[in-house]
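Read-outs throughout are calculated quantities, based only on the coordinates presented, and are distinct from any laboratory measurement. Since we're looking at a predicted model, the values are computed, not measured. Virtual Cβ from ideal backbone geometry, glycine too; neighbours counted across all protein chains shown.
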Amino acid sequence: MSKMANGIVLFSLLMALSLGVAFAESEVAATESTAEENASVNESANETLNATINATVNETSIEPAAESVSPK
């Protein structure tokens with residue numbers, strides 16, 4: 001192979017490697033972004049469920065006081 005052909009082959013290999021690294025980095029960034037969004041959604045869902053459960057428990061645990069009746 002001539003020097004020109006060697007240069008073109010080397011350049012092509014380096015470009016392919018650079019593109020591969022660039023796509024891998026963008027995939028990692030997308031994965032990290034998705035993980036952060038999932039954590040945020042899970043936290044919001046947990047807070048909503050906890051508030052609903054607490055409200056339900058509070059409503060059912062508050063019972064009217066029974067009037068005391070003394071025997072005659």
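Descriptive notes on the structure:
- Treating r as the C-beta distance of Met15 and Leu49 and R0 as 35 Å, the FRET efficiency rounds to 0.10.
- Ile8/Thr31 FRET efficiency (R0 35 Å; Cβ-Cβ; nearest 0.05): 0.50
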